[in-house]
1. Filter region 175-188 down to residues that are in contact with a helix residue (DSSP H, G or I) (Cβ under 8 Å, 6 or more places away or on another chain) and either crowded, with 17+ Cβ neighbours inside 10 Å or of a type outside the set (D, E, K, R) (or both) and give me whichever is farthest from GLN212 (Cα to Cα).
2. Which members of region 262-288 meet the condition of being more than 24 Å from TYR223 (Cα to Cα) and surrounded by fewer than 15 Cβ atoms within 10 Å (Cβ to Cβ)?
3. Within the bounds of region 220-227, is there any residue that is basic (Lys, Arg) and surrounded by 16 or more Cβ atoms within 10 Å (Cβ to Cβ)?
4. When residues of region 93-108 are filtered for being touching an Asp or Glu at 6+ places or on another chain (Cβ under 6 Å) and among the β-branched types (Val, Ile, Thr), how many remain?
5. Any idea which of LYS98, LYS123, LYS110 is at pLDDT 90 or above, touching a strand residue (DSSP E or B) at 6+ places or on another chain (Cβ under 9 Å), under 26 Å from PHE225 (Cβ atoms) and among the basic types (Lys, Arg)?
6. Quick test for you: out of THR229, THR209, pick the one residue that is closer than 14 Å to TYR160 by Cβ, out of contact with any helix residue (DSSP H, G or I) (no Cβ under 9 Å at 6 or more places or on another chain) and without any contact (Cβ under 8 Å) to a residue 60 or more places away in the chain.
7. Hey, among LEU259, LEU203, LEU207, LEU234, which residue is hydrophobic (A, V, I, L, M, F, W, C) and surrounded by fewer than 16 Cβ atoms within 10 Å (Cβ to Cβ)?
8. Is at least one residue of region 246-253 outside any strand (DSSP E or B) and either over 27 Å from ASN41 (Cα atoms) or more than 16 Å from the chain's Cα centre (by Cα) (or both)?
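The values are calculated or read from the model by the stated rules, or taken from the named source; none is laboratory data. Predicted model only: the values in this text are computed from it and were never measured. Here Cβ is always computed from backbone atoms with ideal geometry, including for glycine, and neighbour counts include all displayed protein chains.
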Amino acid sequence: MFLAADDNYAPFVATTMASILKNTKSHVDFYVLSDGITDKNKAKIANERKWFKNFSLSFVDLNQDKLQEIFKERENISRTTYARLFIPELDVSKNLKKAIYLDVDMIITKDINMLYSEDLGNKIIGTVDDNYDSVRYFNHNKKLNNAFFKEFNIPKEHVYFNAGMLLIDMEKWRKEQITYKLVEFAHKSMSNKYLTRQDQDVLNVVLKTKNQTLSNIYNTTTYSFRKETDRNYLDSVLKKAVVIHYAWRPKPWFDKNALFANEFWQVVPYTDFVDEIKQHYNNYQRDIKIIKNIDKNSKKIGKSINKRMNIVYILLGILIGLNAAVVFVLVRRRK
């Protein structure tokens with residue numbers, strides 16, 4: 001099981017781990033790809049042993065110099081996200097035949113072996129289609145759809161997938177030198193205007209005929225249901241989900257009313273980061289309150305300004321009217 005994070009996301013490494021261990025009876029080997037996670041936070045992650053015994057834990061420090069040489073940071077995507085591209089080539093991976101990668105804004109609600117046991121056939125990775133991006137890229141913007149597929153020779157039948165969950169056949173990946181192909185493509189094409197989702201786009205292009213599409217129970221993204229209001233339907237989705245992916249704002253650690261947030265908060269007590277996560281929540285709620293007050297005051301100020309401006313316009317209108325009347329009288333007198 002591979003996870004990746006910088007120090008800011010250390011608490012959510014722990015929550016993802018806790019959710020897996022809480023629902024899985026068999027032994028789990030965790031490999032955390034660390035982008036500067038402090039020794040203090042590494043120790044706190046390791047303290048999952050206070051609640052669970054069925055796991056091993058290794059931290060793999062990322063070579064940021066190498067990542068920086070190849071990849072650029074853009075928008076909200078850090079170089080850490082590219083770490084998943086190197087998983088099968090890491091020293092800790094050499095004896096692994098199969099592995100799961102998960103983003104750390106995920107919670108597992110059932111035995112993770114359900115996912116691990118999925119048959120990949122002759123494909124290299126198992127993935128779940130990205131419903132939100134399918135809508136955004138391929139339905140609402142046909143020009144971008146056609147351009148993206150044409151630009152990178154992607155077959156029309158390819159299902160664009162979300163890279164937050166990857167089930168990897170490590171042997172096939174290494175045999176076909178996928179890491180090399182990913183890095184080569186990224187290095188040459190990262191400035192291409194059609195690569196708007198960066199590492200996810202890179203994976204979709206290079207593995208466009210090599211991914212096995214799995215059920216969306218293995219990557220139930222909150223953005224797929226962000227407009228859904230039928231509570232019974234959402235409950236049925238939650239009941240089936242194996243992996244919940246909080247891939248939409250607000251995150252559950254910011255808002256307890258976020259979709260499927262309860263499942264996240266149920267595992268928080270099984271970590272050593274309870275205080276930090278609660279502080280994330282409190283800070284966000286405080287900031288939201290401040291923003292709402294500013295917005296409220298801005299509206300009041302705006303209304304006051306509008307009233308004053310209306311008075312000014314009325315006075316100007318009167319003055320203009322008086323001037324016009326004076327001009328009219330003068331003209332009449334001259335005649």
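1. Out of the qualifying residues, it is HIS187.
2. The answer is PRO269, VAL274, ASP275, GLN279, ARG286.
3. Taking every residue of region 220-227 in turn, none turns out to be basic (Lys, Arg) and surrounded by 16 or more Cβ atoms within 10 Å (Cβ to Cβ).
4. So the count comes out to 1.
5. Numbers: LYS98 fails: under 26 Å from PHE225 (Cβ atoms); LYS123 fails: under 26 Å from PHE225 (Cβ atoms).
On inspection, the qualifying residue turns out to be LYS110.
6. None of the others qualify; the one that does is THR209.
7. Working: LEU259 fails: surrounded by fewer than 16 Cβ atoms within 10 Å (Cβ to Cβ); LEU203 fails: surrounded by fewer than 16 Cβ atoms within 10 Å (Cβ to Cβ); LEU207 fails: surrounded by fewer than 16 Cβ atoms within 10 Å (Cβ to Cβ).
Exactly one residue qualifies, and that residue is LEU234.
8. Step one: of region 246-253, the residues outside any strand (DSSP E or B) are 246-253.
Cutting the leftovers down to either over 27 Å from ASN41 (Cα atoms) or more than 16 Å from the chain's Cα centre (by Cα) (or both) gives us none.
Scanning region 246-253 turns up no residue that is outside any strand (DSSP E or B) and either over 27 Å from ASN41 (Cα atoms) or more than 16 Å from the chain's Cα centre (by Cα) (or both).
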